[in-house]
Each structure stands twice: as structure tokens, then as C-alpha cells.
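Some notes on the structure that comes next.
Read the figures in this text as sums done on the coordinates, not as results from a lab. Owing to the predicted nature of the structure, the values given are computational and were not obtained by experimental measurement. Neighbour counts run over all protein chains shown; Cβ positions are idealised from the backbone, glycine included.
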Amino acid sequence: MNHPLRLGRDLALLACAAALAACGCSPAGPPSGGSWEAARRRMVERQLEARGVRDGRVLAAMGRVPRQEFVPERYREWAYEDGPLPIGRGQTISQPYLVAVMTEAVGPRRGQRVLEVGTGSGYQTAVLAELAGEVYTVELLPELAAAAAARLARLGYRNVHVQAGDGYLGWPEEGPFDAVVVTCRVGEVPGPLLEQLRPGGRMVLPVGEAGEMQMLRVLTKGSDGGREVRDLLPVRFVPLRRAGDAGGK
Ligand code: SAH
């Protein structure tokens, strides 16, 4: 689960979603009386602009990507709610606000190459693809990687490349990258990702130990190899796991 501060509310939301799914009356349409577009506009205004997301390109991208397509059918009605949602295999689609903050933090531009670690549903991938040149994304769980690749292709994203594998290692053949976005918790900055970041490039990642609150951090790599680090906000993301980790899920 990845959520900064309103965990109680999210748990209530998830419990409510699960209860509804269990009764078999899963709604798949937009919230009552509205359209997906209207729900998305409200999300951009109330969850992003009202909380200080300023980058017009990011706001526009978030206003274009159909989040309901990235959410399992039975949770669709909540696609524009202010929190993460389950996507299967114990993983979650990130809260829209965090996707916006992370995208704003690295500021991808046309012509740039971006690496994402932790494809999940592919939602963050799509937002990055709206703004960047090429997006390379790595997901540990092959079935999530395959589902995200199919979904992104169906939605017409031609500048996205999905690989199933251990994103800790990055995607060395395609680097260096102008920006790196890590959507799972790490104990410290993974060396291979720092190596594959172009001098002047930015990496955003949640850093912290298991069971603790994590800090969403943005790191800028200097042209001399040094780095400058800025803390953004406390968050809670699912952990980065290595291919051989016990449990494997
Ligand atoms: N940005 C995604 C969030 C996905 S949650 C979205 O909005 O949908 C984090 C994802 O990281 C999970 O799908 C998890 O399986 C994946 N993950 C965990 N360890 C990983 C690793 N070593 N390499 C690549 N992906 C990993």
C-alpha cells in the first residue's frame, strides 16, 4: 500500500470495496450520475491542484489518462478516489496524488528517456508516457508485467517498453536515463539505478526500512557524479523485492 497520511480512510475504502465485491454486486460504471471525464476533472482539481501540484503538463497528463482502465473491474467505481486500490498479487495502483508528485519531481520532457521500477498496473507508466519520449518499465511479477503491457498497448501508448524482471538492476541496455521513478520501497538508493541515471538527471523513490514510514525522496545527480537530495513527503509503498526473495509475492 502506498499512501502518505490518510491510511485509515484508505483501509475503510478497501474494506468497503472488498465487501461489495463479495456480495457480487460489483459496479463497473462511473460514480452515480457522472462521467469518467467529470470524475477525472474533479480528481485533478480537488486532489492535485488543491494540494499544490502546479506543473500544468502533469495536471494535463493526469487529466488525460483513464485511471478506470488500470483498476480491476470490481473497484472501478472508486477509480478516481483519493487512495491506492488493490491490483492483485498483494500489489496496489498508487494514489493519484503520489503519481502526480512523483511525475512532477522528475519533470519528464519529450525526447527524454525514463526508467520506471515497479510497473504494477501501468498507470504511472502511462502518465510518464504522456510527457516523456520513451518510457522503459520493469515489473518483477510476470503476470502484472504482461497485463500492463497489453493494457498500455490497447490504450495506444507506443512509447512504452515493459520488461518482466528485477528492476533493482535497472535496464542497462537502454540507459542512461534522464529520469528514474521507483514505485516500491527501497532501504537505500540502488547502485545500478544511480549508475544508469544521466548526470543532471533526477530519480524519485520511497526510502525506508520495513514497517517504518518511508520518505519520498528526489535525488539529482550532479555532472561531477555528486548528488543532491530533497525530501518530499512521508509515504507508504509496497517493498521492492529481489527475484530470489522468500514468498515471491
Ligand atoms: N506504479 C504502480 C505501482 C505499483 S506497486 C501503479 O501505479 O500501478 C509496486 C510494484 O513494484 C508492484 O507491482 C511490485 O510487484 C513491483 N516490484 C517489487 N519489487 C520489484 C522489483 N525488484 N523489480 C520490479 N518491480 C518490482
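With charges only on Cβ, +1 for K and R and -1 for D and E, what is the dipole size of the stretch 38-190 about its Cα centre, in debye, rounded to 20?
580
Taking the Cα atoms of the chain, report the difference between the largest and smallest coordinate on each principal axis, in whole Å and largest first.
Between the extreme Cα coordinates on each principal axis of the chain lie 56, 42, 33 Å.
What is the gain in length, in nm to one decimal, between Glu212 and Arg54 on full extension, counting 0.36 nm per residue of separation less the C-alpha to C-alpha distance?
Working: separation 158, 0.36 × 158 = 56.88 nm, distance 2.92 nm.
Between Glu212 and Arg54, full extension yields an extra 54.0 nm.
Which FRET efficiency, nearest 0.05, do Gln163 and Arg64 yield, Cβ-Cβ r, R0 22 Å?
0.35
So, in Å, what gap is there between the alpha-carbon centers of the stretch 86-154 and the stretch 163-232?
That distance is 15 Å.
So for the stretch 123-204, considering every pair of alpha-carbon atoms, how many percent are separated by more than 14 Å?
The calculated P(r) of the stretch 123-204 puts 62 percent of pairs beyond 14 Å.
What's the ranking of 192-201, 70-79 by average number of surrounding C-beta atoms within 10 Å, highest first?
70-79, 192-201
Rounded to the nearest 5, what % of the DSSP beta bridges within the chain are antiparallel ones?
Once the DSSP bridges in the chain are tallied, antiparallel ones form about 45 percent.
For the chain, what is the calculated [θ] at 222 nm in deg cm²/dmol (nearest 500), taking -39500 (n - 2.57) for each run of four or more DSSP H residues and dividing by its residue count?
For the chain, the value works out to -8500 deg cm²/dmol.
Fewest first, what order do Ile93, Ile87 take by the number of other Cβ atoms within 10 Å?
Numbers: Ile93 24, Ile87 21.
Going from sparsest to densest Cβ surroundings: Ile87, Ile93.
What FRET efficiency comes out for Arg89 versus Arg198 if R0 is 30 angstrom and r is the Cβ-Cβ distance? Round to the nearest 0.05.
Computed FRET efficiency for Arg89 and Arg198 comes out at 0.40.
Fewest Cβ neighbours within 10 Å first, please rank Met215, Met62 accordingly.
Going from sparsest to densest Cβ surroundings: Met215, Met62.
Using only the alpha carbons of the stretch 205-249, determine the length spanned along each of the three principal axes and report them from longest to shortest in whole angstroms.
40, 23, 11
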